[in-house]
Amino acid sequence: MRILAIISGMYGRRNVENIRATGPEEWNVEVWKSPAFFPPVIDEPEEFLPDSFLPADLILSFAEDKGVAELLPDIAKMTGAKAVVVAVDNETWLPLGLARQLRGWLDEIGVACATPRPLCSLTSHDYGLTRNRKDRVEFESPEIAEFTRYFGKPELEIEIDPDERIINSITVTRDAVCGNTRHVAKEIIGVSVDDVETATGLIHHHFPCMASMTKLDDFNHDTLMHESGNILKDNITRQIKPYKRTFTPGKLSA
């Protein structure tokens, strides 16, 4: 698969480094660094774009400025891309209203678009917008589905010692784009099932997760960083639940 990654800073660079290091060898990942500043309204997109791009199947926008959204339809046309993923790990990079507009602009030219908020809510067929699970947005795109075979919403296969109740091994079947999932998985080997959720939250934040710490109303006044951590912990919690001990006041643990 041919991928064009759009970056503007460290956030995008780290994502690209992880994709290149752990993604399929046959993927070709090209990078375009977007301009540092944009006017409030872009009248002539070509003023901010190079003369040409290499052909691409999928565009990944890790840009940290909402101005890039106005360039994406032109970039899709120039590359021939059939799908676009715009990472929303900071609400200022792509506000909800602009995200709706962008999906509409791209739909008009036959290009699928996903705007996951946060990025690690992305699956092969939908993504999150708010804390409400009913707000997930569905889409169809073989290009994005191929990408999410390896990156997106974290998926782990955990092996637990049933006697010692510790994490024996973990296989990362889908990593967060930034590599956070793979890092956490290495660090929680040997941790007790009673302690692993707390450990996961701390390691996730210390990696560090680069999602925003701004409190958002539609995340119950929580942050995208915490939502990202919760997505990973939910996957782990489901798998360790049968091995956890429950404590009832006045009774021995079960």
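Please treat every number below as a calculation from the coordinates, not as lab data. The shown structure was predicted, so the numbers you read here are calculated from the model rather than taken from an experiment. Glycine also receives a Cβ, built like all others from the backbone with ideal geometry; neighbour counts cover every protein chain displayed.
Note on region 79-150 and region 176-249: Cα centroid distance 23 Å, given to the nearest whole angstrom.
Please give the charge dipole size of region 104-175, origin at the Cα centre, charges +1 on K and R Cβ atoms and -1 on D and E Cβ atoms. Round to the nearest 20 debye. Don't skip to the answer; put the middle values down first.
On the way: 9 positive and 15 negative charges, 81 e Å.
The dipole of region 104-175 has a size of about 380 debye.
Taking the inverse of the mean 1/r over every pair of distinct Cα atoms in region 121-164 gives a Kirkwood hydrodynamic radius of 12.2 Å.
About its Cα centre, what dipole magnitude does region 1-132 give when the only charges are +1 on Lys and Arg Cβ and -1 on Asp and Glu Cβ, stated in debye to the nearest 20?
Numbers: 12 positive and 19 negative charges, 102 e Å.
Approximately 500 debye in magnitude.
Distance between the modelled labels on Ser52 and Asp161, one decimal in nanometres: 6.0 nm (7 Å Cα→Cβ projection). When Lys and Arg each count +1 and Asp and Glu each count -1, what net charge do the other residues less than 13 Å away from Val68, Cβ to Cβ, add up to? Net of charged neighbours comes to -2. Ranking of Leu72, Leu202 by neighbouring Cβ atoms within 10 Å, starting from the fewest: Leu202, Leu72. With a Förster radius of 22 Å, plug the Cβ-Cβ distance of Arg133 and Ile189 into 1/(1 + (r/R0)^6) and report the FRET value to the nearest 0.05. Result of the calculation: an efficiency of 0.15.
Please order Thr198, Thr148 by the number of other Cβ within 10 Å, starting at the fewest. Could you put the intermediate results ahead of the total?
Details: Thr198 11, Thr148 22.
The order, fewest Cβ neighbours first, is Thr198, Thr148.
Of the residues Pro73, Pro118, Ile42, the one whose Cα sits farthest towards the positive end of the charge dipole of region 2-147 is Pro118 (charges of +1 on Lys and Arg Cβ, -1 on Asp and Glu Cβ, taken about the Cα centre).
Among beta bridges identified by DSSP and lying wholly in the chain, the antiparallel ones come to about 40 percent.
Using only alpha-carbon positions, what ratio does the radius of gyration of the chain give when scaled by 2.2 N^0.38 Å?
My calculation over the Cα atoms of the chain gives 1.09.
For the chain, what is the charge dipole size about the Cα centre, in debye to the nearest 20, if Lys and Arg each add +1 at the Cβ and Asp and Glu each add -1 at the Cβ?
That gives the chain a dipole magnitude of about 920 debye.
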